[in-house]
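The values are calculated or read from the model by the stated rules, or taken from the named source; none is laboratory data. Bear in mind the structure is a predicted one, so any value in this text is a computation, not a measurement. Because the Cβ atoms are built from the backbone with ideal geometry, glycine has one as well, and the counts that use them run over all protein chains shown.
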């Protein structure tokens, strides 16, 4: 995907020393504000990373019943303990990892997620995303997604890269403009408003399927749609919407979920956002 380029402004020659010093001080102040803001954002998202690390530590220790009970109520309504244990068994890295690092964090109201890498003891590195929700004044895990390994050791010890599909920049809005920009982005909607869930997927193979689902506060399916993509691409924008043309959407808290699947994916790729209708 081509990135826009911005030409550097021309450099003015021969400024007076005082003027130069003043500009330098202003730039320095901007840097201080930016660093302070970044530090504040990073600290404010710290609790979600801590809860994600706690969940992974419990899994690694083999305390699966405790780990399951520490997940969110919404998660437990949709996933049984047996299904949770089967998921852990399917990804040995969860009980045999050497380190985990979350280099991206995001919090939007009562939902958040962390992304990073988890490294198995044999050196294999996997991308990981942990989704969390805020309930009863605590952050709790809602989902764990392990991607295909970024590096896999072969018999000779060489490192081989593999392509990984990830979804990103997930947003909710009333609609999308023709250029893909958001129209009235928000996460609290009126019962008679259209709800649009959009984002990007890094790799979209031809023939991939997307299922978009909207769940109510009880975890029941309120709306679902599916599509198969005839053409593929990279950094492709996707969306689905719920349009209350015939009747209003009931007042409730909802989860919007998107799932991509393809034969080239080791596991389906998921993305979540949480909204309210009031």
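Assorted remarks:
- Qualifying residue in the stretch 236-243 (condition: assigned to a loop (DSSP other than H, G, I, E, B), out of contact with any helix residue (DSSP H, G or I) (no Cβ under 8 Å at 6 or more places or on another chain) and crowded, with 19+ Cβ neighbours inside 10 Å): no
- Qualifying residue in the stretch 177-188 (condition: within 22 Å of residue 143 (Cβ to Cβ) and either assigned to a loop (DSSP other than H, G, I, E, B) or in contact (Cβ under 8 Å) with a residue 60 or more places away in the chain (or both)): yes
- Every test in (1) at pLDDT below 85; (2) in contact with a helix residue (DSSP H, G or I) (Cβ under 8 Å, 6 or more places away or on another chain); (3) surrounded by fewer than 14 Cβ atoms within 10 Å (Cβ to Cβ) is passed by residue 62 save one, and that test is (1).
- Selection status of residue 254, touching a helix residue (DSSP H, G or I) at 6+ places or on another chain (Cβ under 9 Å) and modelled with pLDDT of 90 or more: no
- From 233, 217, residue being at pLDDT below 90, under 30 Å from residue 57 (Cβ atoms) and surrounded by 11 or more Cβ atoms within 10 Å (Cβ to Cβ): 217
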